[in-house]
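In what follows, a single structure is set out as structure tokens and then discussed.
The values are calculated or read from the model by the stated rules, or taken from the named source; none is laboratory data. The model shown is predicted, which means the values in this text are computed figures rather than measured ones. In this analysis, Cβ positions are derived from the backbone assuming ideal geometry, glycine residues included, and neighbour counts consider all displayed protein chains.
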Amino acid sequence: MTYLEHRQIFARLLVELLAEAHRRGYEVAVDEVKRGCAQAAINAIPRSARTMLALVVRTYSLALSEALSDPNGPVGIAASLHRDGLAVDLQLYRPADTWLTKADDYRPLAEWWEQRHPLARWGGRFGDADHFSIEYQGRK
């Protein structure tokens, strides 16, 4: 299957996922689908090393330095499926103003997602509960 076919399957399944979330009574915010290569590279830097890097970067970009210094900043891998447009981070709310953050909050919807297609993956299986993706080249 080609990269384009993976993107098309993911787009179709994402629409179904959002509809299913609403059908189940969740409000949903789409957090991140397409991540740039630079952001993926930054997310892959261990938090412990980001502080040192932030000091170097501060001379050139205060905003980037502050982002690197954020102890709650994003983590990830350089080869993220977000970079390829094959993953989404969803924020689920129920009621409309209560953000659900635990893996168990996502599990019913995630298990539904995993049954939609043989390549559908849920990040809760590897510590990233809000992550929904389509496996590509061995990456989830």
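Quick notes
- Within region 94-140, tally of residues that are part of a helix (DSSP H, G or I), among the charged types (D, E, K, R) and surrounded by 13 or more Cβ atoms within 10 Å (Cβ to Cβ): 5
- Test: residue in region 34-48 that is surrounded by 18 or more Cβ atoms within 10 Å (Cβ to Cβ), more than 17 Å from Y136 (Cβ to Cβ), over 13 Å from the mean Cα position of the chain (by Cα) and at pLDDT 75 or above: yes
- Failed criterion for F126 (all others in (1) under 19 Å from E32 (Cβ atoms); (2) modelled with pLDDT under 95; (3) in contact with a strand residue (DSSP E or B) (Cβ under 8 Å, 6 or more places away or on another chain); (4) not polar (S, T, N, Q) hold): (3)
- Test for R35: is it without any contact (Cβ under 8 Å) to a residue 24 or more places away in the chain and in contact with a Ser or Thr (Cβ under 9 Å, 6 or more places away or on another chain): no
- Test for Q91: is it surrounded by 13 or more Cβ atoms within 10 Å (Cβ to Cβ) and either of a type in the set (G, A, S) or assigned by TED's automatic domain parsing to the domain that holds R12 (or both): yes
- Failed condition for R94, given (1) within 14 Å of the chain's Cα centre (by Cα); (2) at pLDDT 90 or above; (3) over 20 Å from Y136 (Cα atoms): (1)
Yes/no per residue for (1) closer than 19 Å to A129 by Cα; (2) part of a strand (DSSP E or B):
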site: R12; (1), (2): no, no
site: E20; (1), (2): yes, no
site: A29; (1), (2): yes, yes
site: A38; (1), (2): no, no
site: A41; (1), (2): no, no
site: T51; (1), (2): no, no
site: Y60; (1), (2): no, no
site: S65; (1), (2): no, no
site: L92; (1), (2): yes, yes
